[in-house]
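So the structure is just underneath, and the comments pick up after that.
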Amino acid sequence: MRIPVIAGNWKLFKKQADAAALVAALVPLVKDTVGVEIVVAPVFTSLAAVREKIVGTNVKLSAQNCYWEEEGAFTGEIAPGMLADAGCSHVIIGHSERRQFFGESDATVNKKITAALSAGLVVLFCIGETLAEREADRTFDVLRTQVTGGLSGIPLSALASIVIAYEPVWAIGTGKTASDAQAQEAHAFIRSLVVELYDQHSADAIRILYGGSVKPDNVKGLMSQTDIDGALVGGASLKADSFAAIVNFAK
Ligand code: PGA
């Protein structure tokens, strides 16, 4: 039994007051939802404001990135332990926007995952192919490289704290969702990679989320696929009603 995760990635939106208002509006809409892990990921500067509103609720707090050192002369960075200290239980690592715009590679993603796990955080580990890679029929190769690189050296015992998010880059913020079948095919492949790298038991247990233009009207179809265990939601997570509708996909 894999408990679905619905995570809202707020990206570079929402200062403190707006972030607090959004989560305050969300909490009552999802308070009776059981059997779904609900996560929101505001910007660093809004973490405290959001945390205040979710204490004692079923909504969990995530950051959108972290560094791989716990302290030191690394101006501008934030350590995983500092995120835990700020109330985060989760952290997104390797989002395609970080890979695309901030030079993150499988190697840096791997260091970040390792450090985040050491700090006790659950990692939302993002992977996904670009349109050019899909059109060149390289999707599976890219996913293999990203999964193998990102999880390099991560022991089987840590796998329970990893959630994989498959986000085809061409579907992020474009309104183009992968079809249910396209997403299922990629998810099944990713799960088979986990079998190869670890074992069947861990592969059966690991949650694999889909991300890329998930909306209230397409979430049901995606969630009905065997290997899709939740969603990483960008745009539709910025409004309480649309994110709640996605969280409540089963209702
Ligand atoms: P989107 O973003 O839902 O706006 O496509 C998803 C993501 O980037 O995590």
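The values are calculated or read from the model by the stated rules, or taken from the named source; none is laboratory data. Quick caveat: nothing in here was measured; it's all calculated off a predicted structure. Positions of Cβ are backbone-derived with ideal geometry, glycine not excepted, and every protein chain shown enters the neighbour counts. When the accessible area is computed, the model is the full protein with side chains, heavy atoms only, and any ligands, DNA or RNA have been set aside. Shrake-Rupley method; radii C 1.70, N 1.55, O 1.52, S 1.80 Å.
Report the residue count in region 107-133 for those that are part of a helix (DSSP H, G or I) and within 16 Å of the ligand (Cβ to nearest atom).
Residues in region 107-133 being part of a helix (DSSP H, G or I) and within 16 Å of the ligand (Cβ to nearest atom): 2 in total.
So which of Ala178, Ala160, Ala165 is on the phi < 0 side of the Ramachandran plot and assigned to a helix (DSSP H, G or I)? Reasoning before the result, please.
Numbers: Ala178 fails: assigned to a helix (DSSP H, G or I); Ala165 fails: assigned to a helix (DSSP H, G or I).
So the residue among Ala178, Ala160, Ala165 that is on the phi < 0 side of the Ramachandran plot and assigned to a helix (DSSP H, G or I) is Ala160.
Would you say Ala165 is more than 14 Å from the ligand (Cβ to nearest atom) and either among the aliphatic types (A, V, I, L, M) or open to solvent by less than 20 Å² (accessible area, probe 1.4 Å) (or both)?
On the way: more than 14 Å from the ligand (Cβ to nearest atom): no; either among the aliphatic types (A, V, I, L, M) or open to solvent by less than 20 Å² (accessible area, probe 1.4 Å) (or both): yes.
No; evaluated as a whole, the condition is false for this residue.
Where residues in region 211-226 are within 15 Å of the ligand (Cβ to nearest atom) and of a type in the set (S, T, N, Q), which of them is farthest from the chain's Cα centre (by Cα)?
Asn218
Considering each of Arg207, Arg144 in turn, give the residue that is within 17 Å of Arg2 (Cβ to Cβ) and either open to solvent by 60 Å² or more (accessible area, probe 1.4 Å) or away from the ligand (no atom under 12 Å from the Cβ) (or both).
Numbers: Arg144 fails: within 17 Å of Arg2 (Cβ to Cβ).
One residue alone meets the criteria, Arg207.
Of (1) closer than 24 Å to Ala203 by Cβ; (2) more than 13 Å from the chain's Cα centre (by Cα), Val59 satisfies all except one. Which?
Going through (1) closer than 24 Å to Ala203 by Cβ; (2) more than 13 Å from the chain's Cα centre (by Cα) one by one, Val59 breaks only (1).
For Ala20, are the conditions met, namely being surrounded by 18 or more Cβ atoms within 10 Å (Cβ to Cβ) and not basic (Lys, Arg)? Walk me through how you get there before you give the answer.
Details: surrounded by 18 or more Cβ atoms within 10 Å (Cβ to Cβ): yes; not basic (Lys, Arg): yes.
Against the criterion (surrounded by 18 or more Cβ atoms within 10 Å (Cβ to Cβ) and not basic (Lys, Arg)), Ala20 qualifies.
When you scan region 38-51, how many residues do you find that are surrounded by 15 or more Cβ atoms within 10 Å (Cβ to Cβ) and away from the ligand (no atom under 16 Å from the Cβ)?
At the first step, the residues of region 38-51 found to be surrounded by 15 or more Cβ atoms within 10 Å (Cβ to Cβ) are 38-44, 46-51.
In the following step, the residues that additionally are away from the ligand (no atom under 16 Å from the Cβ) were identified as 44, 46-51.
Qualifying residue count for the region: 7.
Yes/no matrix, rows are residues, columns are (1) assigned to a helix (DSSP H, G or I); (2) within 23 Å of Lys112 (Cβ to Cβ); (3) touching a strand residue (DSSP E or B) at 6+ places or on another chain (Cβ under 7 Å):
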residue	(1), (2), (3)
Arg144	yes, yes, no
Val147	yes, yes, yes
Ile190	yes, yes, yes
Gln225	no, no, no
Ala231	no, yes, yes
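Taking the options Asp217, Asp241, name whichever one is open to solvent by 10 Å² or more (accessible area, probe 1.4 Å), of a type in the set (D, E, K, R) and outside any loop (DSSP other than H, G, I, E, B). Lay out the reasoning, then the answer.
Details: Asp217 fails: outside any loop (DSSP other than H, G, I, E, B).
The match here is Asp241.
Assess whether Glu70 counts as being open to solvent by 50 Å² or more (accessible area, probe 1.4 Å) and free of Cβ contacts under 8 Å to residues at least 24 places away in the same chain. First the steps, then the outcome.
Numbers: open to solvent by 50 Å² or more (accessible area, probe 1.4 Å): yes; free of Cβ contacts under 8 Å to residues at least 24 places away in the same chain: no.
It is false that Glu70 is open to solvent by 50 Å² or more (accessible area, probe 1.4 Å) and free of Cβ contacts under 8 Å to residues at least 24 places away in the same chain.
With (1) surrounded by 19 or more Cβ atoms within 10 Å (Cβ to Cβ); (2) hydrophobic (A, V, I, L, M, F, W, C); (3) farther than 17 Å from Leu124 by Cβ as the list, and Ala25 as the residue in question, which single condition is left unmet?
(1)
Please determine whether any residue of region 157-172 is touching a His at 6+ places or on another chain (Cβ under 8 Å), of a type in the set (Phe, Trp, Tyr), modelled with pLDDT of 95 or more and closer than 15 Å to Ile206 by Cβ.
Scanning region 157-172 turns up at least one residue that is touching a His at 6+ places or on another chain (Cβ under 8 Å), of a type in the set (Phe, Trp, Tyr), modelled with pLDDT of 95 or more and closer than 15 Å to Ile206 by Cβ.
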